[in-house]
Amino acid sequence: MASYKLIRDCGDEGTLDLRAKNCALRIDNGDVESAYLKSNTPSSRLKPPVLAGAGGNAKCTPPSGRLISLDVFRGLTVVLMIIVDNAGRLIPSINHSPWNGLTLADFVMPFFLFMVGVSLGLVYKNMSCRVAATKKAILRAGKLLVLGIFLQGGYFHGLSKLTYGVDLEQIRWMGILQRIAVAYWVAAMCEIWLRNDEIVDSRKSLLKKYRWQWSSKLTTMIRFVCYTYPMAQIDIDTRATAFVLSTVYLLMLYGLYVPDWEYHIPIEASFRAEVFKVKCGVRANTGPACNAAGMIDRAVLGIQRLYRKPIYARTQQCSINSPDYGPLPPDAPSWCRAPFDPEGLLSTVMAVVTCLLGLQYGHVIVHFKEHKKRLSLWSYPSTGFMLLGLLCHILGMHINKALYSFSYTCVTVGLAGILLATIYLVVDVRGWRRFTMVLEWMGKNALLIYILVACNILPLILQGFYWKEPRNNILTLIGIGKRNY
C-alpha cells in the first residue's frame with residue numbers, strides 16, 4: 001500500500017493561495033489522481049499542487065480554474081472609465097448624462113458593482129467558518145470605505161498648488177469607493193448567511209439552495225410569466241434582499257414629501273453668504289431640485305458634505321454650454337448651484353441591488369460547468385432586464401444615473417450580463433486571449449489603476465516634481481494642465 005501526501009495551499013473561504021498555510025491530504029493505494037480531483041475546487045486562484053512521496057518529488061500542473069473573462073470584463077470597464085474621464089471633457093456627449101438619459105460614462109459604476117457581485121459568488125462558494133468569513137468581509141469593506149473617504153472626501157484639493165487638507169465639518173462621506181464598500185458588505189453578508197449546503201444540479205435546485213435569498217412573491221410572479229410564455233423560461237429570480245431594497249427605494253423616492261429648502265453660497269472676499277431658496281412642496285418628483293434622494297442626503301449627511309459640482313449643472317436650465325458645464329443662463333433656476341451627491345444614501349440602495357444581481361450570475365459559474373448552460377442562464381435574464389428597464393422608462397420611470405433609478409438598474413445589469421456572456425464566449429470558450437492580455441492585466445489591478453488615475457493620485461505625484469515654482473511641473477512642461485492659476 002503506497003501512501004502520499006498531497007501538499008496544497010488553502011486560502012480564504014476554501015480557495016487556493018500560495019500565501020496561506022499548507023494543508024495535507026493522505027492518499028492511500030497510490031490513487032493520487034482521484035484524491036487530487038476530490039480535493040481540488042475550481043477556484044479563481046488555483047495553484048499547482050506539489051506531490052511528495054517516497055519515490056521522490058513530482059509536480060502536477062492542472063489547468064487553471066480561473067475565468068479569464070471576469071478579469072477581461074473588469075479591465076474593459078477600467079478602460080471605459082479612463083476614456084470617459086479624459087475624453088468626456090472634450091466630448092460631453094459621452095460624459096455622464098446631465099440628468100435623465102444614458103451615456104457611455106453611465107455604465108462604468110454599475111459594471112464595477114456587477115463584477116463585485118459576480119466575484120463574491122466565487123469567493124464564498126466554499127466556507128469552512130461563516131464567522132471568520134464575516135470578519136474578513138467586514139474588514140475588507142472597512143478598508144475600502146476608509147480609503148474612499150481619504151481619496152474622495154475632499155482631503156486632496158488644489159493639486160496645481162500642491163495643497164491638501166479638509167475641514168471635518170465639510171468632509172464628503174459618500175463616494176464611489178464608499179458605495180462599492182457598502183454594496184460589497186451587504187452582498188457578502190447575504191452570501192455568507194442566507195444560503196444552505198444543498199447540492200445544485202438544476203435550475204430548481206439552484207433556487208432551492210438560495211431560497212432565503214429570493215422573494216417568494218416575486219418568484220411566484222416570475223414563474224407564472226415563465227410558464228405562460230415559453231420564451232421567458234429564464235432564471236431571473238431576485239434575492240429577497242434585492243426585492244426588499246428595491247421596494248424601499250421606490251416607496252421613499254415616490255412617497256416622501258419634499259418641502260421647500262435653502263442653501264448658502266459664500267461670497268468671495270467677504271464673510272457673508274448668498275442665500276438661495278428652492279420651492280418644492282411636492283411628492284414623487286424626480287427632477288434635480290425636489291427629489292427625495294437629495295432631501296435625505298441634506299437631512300442626514302448635511303448639505304455642506306455633499307458633492308459641490310452637481311451633474312445637473314450641465315443641464316440646459318443651468319448651463320449655456322449644455323451638455324457641458326458653462327456660465328449660468330440669465331433665467332437659471334435657484335437650485336442650479338446647490339450641492340448634490342450622485343453617490344448619496346438612497347441611490348446607494350439600488351447600487352446594492354446591482355451587486356446582488358451580479359451575485360446571481362456568479363452562482364451560475366459555481367453550479368453549472370457547461371458553457372451552453374452558463375450562456376443561456378446569463379443571456380436570457382439579461383435580455384429580460386433590459387426590456388423591463390426600457391419599459392419602465394417609457395412608462396415614466398426614467399433612466400437616471402444620479403438617482404440610480406429602477407429602470408437604470410435593470411438596463412445596466414442587463415447589458416452587463418450580455419457583455420459578460422459575450423466575453424466569456426470569446427475568451428473562455430473560444431480561447432481567443434491574444435488580444436485581451438492587456439485587459440486581463442488591467443482587470444487584475446483595477447483598484448490600483450482606479451486610485452492612480454481616477455482619484456488624481458498620479459497627477460498629484462507628477463505635479464509634485466517642479467522647477468522653482470509648482471506651476472513649472474512635469475505635466476505643464478509636456479503641455480498637460482494650465483499655467484495660469
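Just to make sure I understand: if all protein chains stay in place, what is the order of Lys468, Lys143, Lys125 by accessible area at 1.4 Å, largest first? Provide the component values of the computation, followed by the final result.
Details: Lys468 165, Lys143 135, Lys125 35 Å².
My answer, sorted largest first, is Lys468, Lys143, Lys125.
Ignoring ligands, DNA and RNA, what accessible area per residue does segment 105-154 give at 1.4 Å, in Å²?
Heavy-atom accessible area per residue stands at 39 Å².
Tell me, what % of the accessible area of segment 64-192 is carbon and sulfur with a 1.4 angstrom probe? Show your work: numbers first, answer last.
On the way: 3660 of 5420 Å².
With neighbouring chains kept in place, the figure for segment 64-192 is 68 percent.
For the charge dipole of segment 327-413, defined by +1 on Lys and Arg C-beta atoms and -1 on Asp and Glu C-beta atoms about the Cα centroid, which residue among Gly344, Leu356, Tyr404 has the Cα displaced farthest towards the positive pole?
Leu356
How big is the Rg/Rh ratio for segment 299-393, C-alpha atoms only, Rh by Kirkwood, two decimals?
Working: Rg = 20.3 Å, Rh = 17.0 Å.
On the Cα set of segment 299-393, Rg over Rh gives 1.20.
Taking the Cα centre of segment 280-349 as the origin, how large is its charge dipole in debye, to the nearest 20, when only Lys and Arg (+1) and Asp and Glu (-1) carry charge on their Cβ atoms?
140
Based on the Cβ-Cβ distance from Arg89 to Ile171, what FRET efficiency comes out when R0 is 25 Å, to the nearest 0.05?
Values: r = 26 Å, r/R0 = 1.04.
Between Arg89 and Ile171 the formula returns 0.45.
Considering only Pro329, Phe385, Pro310, whose Cα is most displaced toward the positive end of the charge dipole of segment 281-403, charges sitting on Cβ of Lys, Arg (+1) and Asp, Glu (-1)?
Toward the positive end, the furthest listed residue is Phe385.
How do 240-246, 126-132 rank on mean C-beta neighbours within 10 Å, highest first? Mind dumping the intermediate values first?
On the way: 240-246: 20.6, 126-132: 12.3.
Those peptides, ordered most packed to least, come out 240-246, 126-132.
Size of the dipole of segment 320-468 about the Cα centre, Lys and Arg at +1 and Asp and Glu at -1 on the beta carbon, nothing else charged, in debye to 20? Intermediate values should be presented prior to the final figure.
Numbers: 11 positive and 7 negative charges, 135 e Å.
The calculation lands at about 660 debye.
For Glu440, Glu262, give the ranking by accessible area with the largest first, probe 1.4 Å.
Values: Glu440 10, Glu262 90 Å².
Solvent-accessible surface, decreasing: Glu262, Glu440.
Among Val131, Met115, Ser93, flag the residue with its Cα farthest along the positive direction of the charge dipole of segment 78-142, charges on Cβ as +1 for Lys/Arg and -1 for Asp/Glu.
The residue sitting farthest along the positive end of the dipole is Val131.
Determine, from the Cβ-Cβ distance of Met252 and Val429 and an R0 of 30 Å, the FRET efficiency 1/(1 + (r/R0)^6), rounded to the nearest 0.05.
Values: r = 43 Å, r/R0 = 1.42.
Computed FRET efficiency for Met252 and Val429: 0.10.
Which order, highest average first, do 96-104, 112-120, 315-323 follow once you tally other Cβ atoms within 10 Å for each residue and take the mean per peptide?
Numbers: 96-104: 19.9, 112-120: 25.4, 315-323: 17.1.
Packing order, densest peptide first, comes out as 112-120, 96-104, 315-323.
Go through Trp432, Trp378, Trp185 and list them by solvent-accessible area, largest first, probe radius 1.4 Å. Could the numbers behind the result be given before it?
Details: Trp432 155, Trp378 0, Trp185 105 Å².
Ranking Trp432, Trp378, Trp185 by accessible area, largest first, yields Trp432, Trp185, Trp378.
First select every other residue whose beta carbon is under 12 angstrom from the beta carbon of Val278; then total the charges, Lys and Arg +1, Asp and Glu -1.
Details: positive: Lys277, Lys279, Arg298, Arg337; negative: Asp260, Glu262.
Net of charged neighbours comes to +2.
For segment 366-458, what does the accessible surface come to per residue with a 1.4 Å probe? Please give it in Å².
49
Hey, any idea what % of segment 261-381's accessible area is carbon plus sulfur with a 1.4 Å probe?
55
Let me know the shape class of segment 332-485, please: from the alpha-carbon gyration tensor, a ≥ b ≥ c as square roots of the eigenvalues, rounded when a/c is under 1.5, otherwise prolate if a/b is greater than b/c, or oblate. Kindly include the intermediate steps, with their values, before the conclusion.
Working: a/c = 3.06, a/b = 1.41, b/c = 2.17.
Taking the square roots of the gyration eigenvalues as a ≥ b ≥ c, segment 332-485 is oblate.
In nm, to one decimal, how far is the Lys279 label point from the Lys468 one, both placed 7 Å along Cα→Cβ?
Computed distance between label sites Lys279 and Lys468 equals 5.8 nm.
The values are calculated or read from the model by the stated rules, or taken from the named source; none is laboratory data. All values derive from a computational prediction rather than experimental measurement. Because the Cβ atoms are built from the backbone with ideal geometry, glycine has one as well, and the counts that use them run over all protein chains shown. Surface accessibility is based on the protein's heavy atoms, side chains included, excluding ligands, DNA and RNA. Shrake-Rupley method; radii C 1.70, N 1.55, O 1.52, S 1.80 Å.
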